[in-house]
Each structure stands twice: as structure tokens, then as C-alpha cells.
1. I want to verify the translational diffusion coefficient of the stretch A:32-104 in µm²/s; compute it with Stokes-Einstein, Rh as the Kirkwood radius over Cα pairs, at 20 °C and 1.002 mPa s.
2. For B:Ser116, A:Ser243, what ranking results if the residue with the fewest other Cβ atoms within 10 Å of its Cβ goes first?
3. What ranking do A:Lys509, A:Lys400 get, fewest neighbouring Cβ atoms within 10 angstrom at the top?
4. Taking loop as defined by DSSP and a crowding limit of 15 other beta carbons within 10 Å, which GluC sites (Glu not before Pro) in the stretch A:242-301 fit?
5. Apply the Debye scattering formula to the protein assembly as shown, with a single equal point scatterer on each alpha-carbon and no solvent, then give log10 I(q)/I(0) at q = 0.07, 0.10 Å⁻¹.
6. Among the aspartates and glutamates, which have Cα under 13 Å from the Cα of A:Lys148 when same-chain residues fewer than 8 positions away are ignored?
7. Would you please give the FRET efficiency between A:Thr216 and A:Tyr320, computed as 1/(1 + (r/R0)^6) with r the Cβ-Cβ distance and R0 = 51 Å, to the nearest 0.05?
8. Kindly flag which residue pairs out of B:Lys61/B:Lys143; B:Lys120/B:Lys210; B:Lys48/B:Lys75; B:Lys75/B:Lys168; A:Lys420/A:Lys443 have an alpha-carbon separation exceeding 20 Å in this structure.
Amino acid sequence: MYVESFPQFSEWFLPGLLLFLAVLLSGAVLGLFFGYLVAAFRHGPFEAFYVVAQVVAEAVPDFKNTSPRRVVALARLAIKEAMRRRVVLVTFAIFAVMVLFGSWFMGGGTEKPEQIYVNFVLWGTQMLVLLMGLLLSAFSLPDDIKNKTIYTVVTKPVRATEIVLGRMLGFATAGTLLLVLMGLISYFFVWRSLDHSHQILGDQSFAAFTAVDTETHRSTVTGKRVSQNALYEAKTTVDNDHSHRLEIISDVREAEQPPLESDDIIRTVKRDDGKIEYQRVMCLPVGNHTHVVTVAGEGDDAKITLGNSVGYFRARVPIYCSDLTFYNREGEANKKGTNVGKESKRKGYVDGGSARNRSTLSRATFTFEGVRENRFPNLDFVPIDLTMSVYRSYKGDIEKRVIAGLQFESIPDKPDVQNKFISEIIEFETNEFTLQTLPVPKKIVGRIVAPDGSLVEEGAYDLFEDFAGENQKLLVVLSCRDINQYIGVGRSDAYLRGKDQAYWWNFLKGYIGIWCQLMIMIALGVALSTFLGSPLVMLSAVAVMIVGFNTGFLRKLAEVDAQGNLINEGGGGPLESFVRVVTQQNTMVDLDAGIVDTIVEKLDYLLVNMMQLLTYLAPNFGQLNFSNYLVHGYAVDNNQLLIGIAVTIAFIFGLTLLGYFCLKTREIAK
Amino acid sequence: MVTETSSSSQATQNPGRLEQSNPDYDPNIVIEAQNLTKVYRDFWGRQKVRALNALDLEVRKGEIFGLLGPNGSGKSTTIKLLLGLLFPTGGRAIVLGENATDVAKNERIGYLPEESYLYKFLNAEETLDFYGRLFDIPAKVRKERVQELIQLVGLEKAKRRQLREYSKGMTRRIGLAQALINDPELILLDEPTSGLDPLGTRDMKDMILKLRDQGKTVVMCSHLLADVEDVCDRIAILFQGDLKEMGRVDSLLKVSGETQIKAENLPESAHEEIRQLIAKHGGQNIVVDNPRTTLEDLFLNIVRESEERPGMRSSSSTGGDADSGTAAADQSN
């Protein structure tokens, strides 16, 4: 998953507030102008000034004297309406049916069932609550006006602000209660569906394992590759549509090292060379999960049990680099890496040298900041997550993975006078297109180098105290160790994995995102319903929703330069595209110069800029949709959440003003 | 033709709180319409209907004022303009010293719409509680008032049922209750007896009279003339948006050219003598006859007696035995 970068809330707030005020002011001016036009049409140009001034003058006491008590009374009415019209009940019933029977059709042997389950509950919840919010808000006020029940309300000392706010508050409360219930049920549903265990196929002991070929590192049963240090293998039963492979691996340690204490050791052997070999039972992961192995006893009589699944419910906190720089074979820096053709727009490639020149300075360097110990929970190692792609210039042994190398360096503030720590290169096999987690030991073997490049010392150094040091900066260098092969990586493809957030908190944040969307939808529906009938409110709100969910795509489609001209790869704006489709002209040639071309160009200029403006006026639901984070197991950043909440409040404020002025200037009994 | 014009003061330019800024404001004038005009236009601004044409009228404190007229005469439009549900095309409406569009005046008024437009998914208690919350009434007082009003309108047994299950009469009664929830000074009733049976109509009229006796001002609009005649002190008659007549009911209905004499226990033999006496003094078109009661009174008496003596046929009839025919009418030219 590609995680976009976003600013800190404290950095975003002030410019965001200024932008909001600018939009509000522009909206106010436009509103006044439009109001004047309508009033002039009805009352004449001179009287219109008075009418507009009166509306504005009355707005101040209306807002100032808005009574919270009356707002709450109207909100209570809205809640009762939502409950007694059974909209909330039917929505919940549909959700319950989905949850009860949905699991029948999910799973299906996929490696990542958690993504399917989480996506299902989030998508289902989102669609249902947004639709419910739309139905409630679109029909309530128009029905009141059509049935004239609003007469008995507006003839009480009730202000337009109170009517608008009361409706919004009431439906928001009903929607929030339902969302909380759906969230709890969803969480329980996902947890119940994914929680499972396995047993070993055959005996629950060493007898179930068969030896592997330790020379070719292949299974003697299936012929497939096994881990480099695997000695034996077995399989588990099929549960939740999958099974795991088990391996007994050899973990060799020096005799001087403290004895390894782990529940998965089945045998301890003292080798002839004096080293201690710990034979450990490993459950290989399927997708993102595995099982903890517990071995009771030792040797052939040991009892092996597998625990419940671990790894499904993750909320990774990625610490991304602040800079990614590529270097070519000659060591020249650039931002794009070696060109291997149009493989990826996002990734740059690092080459592994050639047969003629095995030595290469080609590498990718990631600069990390804020690297300090308290951000990483495990004291023994720091996980680095990598998602790499491989470009093979020759096929070679397709089953043999390309080898990459990681190296760590300190970044001294004064490189001319301060020494530098450089680690040894840690080689590992790449696993293309999947997320690899590499445990970087806290103590790394390396050397200290003087500013002139001379060796000062060699030894094992601490990753935080020595490499990151006081400035908490760390340079991670990725290189390709296979000649004539290339490794591709992007800025978000490598991150240090900080302490995982609590999954329940991350799940809650996902639902807060849905809640923000619901609040905007309700505010939009209520505001539109102050001057439109129910069908038009539905249509308009759905249109806004579609624009909101596709904001990124629309902005890219209507991307303009500083002069307002379209930036795209050919084909022009909407009108030009239409002309090309009709006249069957390809995008490589310009349209025939003439009056038509000029008109099309001018109109397209207008349309494209309007499209751009529209994407900023419509709420960006994509910005509030955190489902991807939950589905792929990443923590939603608190800054992003705060920004989303602030944007939601801004929209509600603006829509409340719109609703107030429309209701205030409307003749209820007309 | 207008026979009574309003004595309103000069309208000021400021449409705000006239009681503060207008030195001529008279607190005894509860409603004042000055040249009030309403023209309905279509979407393009073209004139469709001139619903009200330069209406001038006053409603005084403590009276029952009736707005009469056939369908489409502008009665409901006038009420809606006074309530701020519509904006005037010209002129202005002042209610309790405030501009009609000022929300603050609604603290002191109650409104019963034509069809008691209420929320069908609420029950009676909830309905009155909801409307009560819209006023500045302490919770304890509000709760007491809700129960009092439910008893007043006779809906004690049905107070927990949703309004969608109510009959027309019950709906009107709860509608009246919500109009009185804030103990208003001014009550506007739009067709209050419309759709009610004679019993319900009588109850409604009694209620209106009671409100007047409590010092409240009532404005009602109706096309049921008999009901208006029974309760109203002053009336205005509208036709096609124009005010045609306005004044006290008794003075408007008085037929000045005729004399009516009523007496009880007068034998038949006295009729001829009376006729001759009147003729001697030059009276013409003499009718000496038993007066007629109203059908409403007859109906109500029968219902009352039936409740008191179920199963027995009513014997009360002020005009005598209905089976034997009516009393003879004797006319002379």
C-alpha cells in the first residue's frame, strides 16, 4: 500500500484556517451578490438593497440568540422521527443480514482474509450509514414543508438557525448511535471470523516432521524450496480455508552467548565446533499471519501445539524517510534512479553491477530522522519493512531470489570533523511485491571512519546511541547484490516500523473517518433541503458524494498549470475530447485551427477550471476514508485524523450558514 | 366597501419594535395591518394571483375577531402574513407591537392551523411536551401544563396513542392544545370548526369564548358563517383579496327597519290583537309567529338528553311536538 505524505496538524491548521476564511468570505460575497440579483428581480434594484441589508442585519441576532434548549428540543424530535420512521432500524437490519450471512461468501482460501473481512465491514458500514444519513436529511424538512407540519414550529419562537441545527444534531445523534453499534458488531465479527488455530497434520510431535534436503534446500516431499536453515518440515490441518507449513530450523549460536530461552525449541545440540544449535519449530506465515508454536518437552517426545493466529490485527506505525536519493554506477546522485523503462512511475531502480564491472556505486539511500529508542518496542531489534520490485535483465534461476543488501550509516552534523559509523552489509533475499520485514539487530557489527576516510575502529555498535546518535538521524543504504539485476524501491516502500498502535484504537479511527463523512452528508442534506425538494436533494447530494469520493481522480483529470491551462498527456479538455471522439481524431495531432478550435479551447479552459474549483468545493471523502489503512494494517496518523475532523467542522459550519440563509429567506407557506 | 377603517398610526420606516420606537403605539391594538398586500408570482416573477389587496385593519385587545370570506378571499393569506409564514408584497403587518416576521413575538401567540398539522409519529403527551420545550417554560411547569391541557381538551384516555390514530376531532383538539401551551395573549385560529361534528363545534366555540373571558385576543378565520356569528365580537369580510365590510357583529347584522318582539306564555287569542295594534301604528309585513330555534341547539339538546336518559326518545323540542307539525305561521300583508 502506498501511503501518501501529509503535514502535521499544527503546520496545517493556520494556512487551512486562512483558506477557510477566504472561501467563507468569497462565498459570502457571492451569496450577497446572488441574493441581490434575486431581490432586484422581485422588488426592483433599490428595494433590493434594503431587503438584502435586512436579511444580513437579522442574521446577527438570530445567531446570537440561538437557544441551545430549542436546538436540543428539535434534535429530540429529529431522533424520534428517525427511530419511528424505522429508517435506522431498517439500516441496522440490512447490516445485520450482511454480517450474519456475509461470511458464507468470504475467505475462500485467500492468503489475506483479514483484508476481505475488514474491507467488507467498513465498506458495508460506510455505504449504509451514508445512505441512511442522506435519506433522513433529504426527506425530513421537505416533508415537513409539504405536510405543513413546519407551520406549528415556525409560529413558535424558533429561529431558522435552531431548525437547521436541531435537524443536524438530531440526525447526527441517531447516526452516531447506529455507527457505534455497527462498529462494535463489526469489530466482534472480524475478530471472531479470523480467530482460529491449527493442529499438525498427523502426530502433534516430532514424528509428524520429515527431513528436508539440506544441500539443495528443497523439500523431499514436494520438491519446493525451503528456508536456508530448515532441517525438517511438516504441515498443519486446513482451518479457515488454509494451512501452514511448519519447519524445524537450525539456530546456531556461540557457546559464550547466553542460552536462548524460547518456547519453540524442540532440541538443543552441542556441535563439534563448540557452538550450540537450537532446533526451533517455526510456523511459516500465510499472508500476514502466523501462529505461535509452543513445545512442551524436548526431543522426539516433545508435544507441539499451535496457538491462535497472530499478525492479523496490526496497526503498523511507519516511520518514513525524509529523503530518498539514488546513485548510479558512478556514484552520481539523482532522484529517479536507473532507468529500466516504464516499469513504475513511483519507484527508482538500483543496479547490481555488470559481469565486466562487478563493483558498483549504485545504491538508494534513505534518510531517517527522529530515530530514538523509545519509538521501538523491541529492545533486541528494529524492524524495517520493505516492499521492493525486481527487474531482471536476465532470467537466471527464476526460483532463486535476487539478493539485496542493507547498510546503516550515521549522519554527523559536521562531517568534516566528526567520525562516522558505517555498518557491515546485511544481505537478504528479496521477496517481490510483498511486504518484507527485516529485523535489524540493535547491536550491529561495523566500523568507525574518520572524516578523511581512514578506519578508526571496528566492532559492534548500538543502532540508537552510536549510529543515530544525538541528532537522531540514520542513513539506510539499499544496494543490489546480484549482477545485471535491478531492485526498484520508492520513498514509501521502506520504513522503520515503530511501536504498533493498539488495533482497537486504529479501528475506532477508521470509524471516526466514516463518522466525519456521515456528518458532512447530514449537514449537506439538511442544507440542501432548505430550498430543494427531496428528489433534488438526493440527486445533488449523491452527485456531491461521487465527486467527493473521486476527488483525486478529478483533480488529476482537471489539473491545470499556473496559467490555468490543462496539463495532460493529450486529448485536451472535455469539449475537445468530445470533438475528437466524434470526428475520430487521435490525441497525437492538433485539431484543425479555426473558429471551432478557438471556441472549444476557450470553453474547455472555463470547464476545466470549474472542475478544479468543484473538487475543492465538494468535500473530499477520500481524505476521510481510512479504510485502506485498516485493510492493509497501517495506523491512521493522528494528524490526518485531526485534519479530517477540522475539515468536517468547516464544512458543517459553511453548510449551516447556507441552510440558515436559505430557510430564512424562504416563504414557508408558499 | 370598507365601513370602518383602522385608526392606526402613521407607519414608520423602521419595521422593528414599534412599541419602543413608535410613540404612537397603542398597546390595546394587538394586530395592525397597514396597506397589506400579497401578490403570488411564478418562478419568473410574473404576477399570478393578487391574494390580498391593500388591507387595513386593526384587532383590539380582548376581542374575538373574525375574518370571513368565501374560498380564495384571502383569509388564510392574511393569517399567514400575520404569522410571518409569508412575506408581504406591500404594506406591513404589526403583531403585538412587533413586525410580523419577528420571531420574538411568537412567544406570546398561539396558532391553530387549518388542518392541525402535527407530527403523526408523536403521541399527545409528546406533542405538547415538544412544543412546550420551544418556549421558555420551566420543566416542572411545562409538565403540569401538558397534563392540564390534555384534560382540558378531553384527551386523557388517548394521550399515549400516536396522532396518526386520532380522529379528525381529536386532532383538532390536540391542535388547539398546542396553540395554548404557552398561555398566549393572542390566538390565531384558522378554520377552527372545520370538519368538526356539532358537539365538537360547540365545544370549540365554548373554548373560544372562554379564552376571551380570560382576557385573551382571538382571531379566527372561517367560511362557516353561523359559527362566526355565534362567537365573534367584530368581523371583517373579505372577497377576492379586498376588504368589503368590517365592524361589530351585532351592529352589522341589525336590521334597522324592522322590530322584533318576543314574549312567553302569550295565548293564540292575543295574536290578532297584537296584529291590529301594530297595523294601527302603521306597521307593515306583520308576522306573528313562534320563533325557531337553531338546528344546532336542537341537536345538542337531543344529545344531552340521550346521555342523561339512554334508550329513551328525546322529548325536548322548544317548538312543540315534531310529529304533529310546526306551529301555524300566520301572515298578513
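1. For these conditions, the coefficient is 129 µm²/s.
2. Least to most surrounded, the residues fall as A:Ser243, B:Ser116.
3. A:Lys400, A:Lys509
4. Passing both the DSSP loop test and the Cβ count: A:Glu254, A:Glu256, A:Glu261, A:Glu298.
5. -0.84, -1.26
6. Cα-Cα hits under 13 Å: A:Glu667, B:Glu114, B:Glu115.
7. In this case the efficiency is close to 0.85.
8. Checking Cα-Cα distances, B:Lys61/B:Lys143; B:Lys120/B:Lys210; B:Lys75/B:Lys168 exceed 20 Å.
Quick note: the coordinates plus some simple rules give every number you see, no bench work behind them. Remember, predicted model here, so these are calculated numbers, not experimental data. Heads up, the Cβs are rebuilt from the backbone with ideal geometry, glycines too, and the neighbour counts pull from every protein chain shown.
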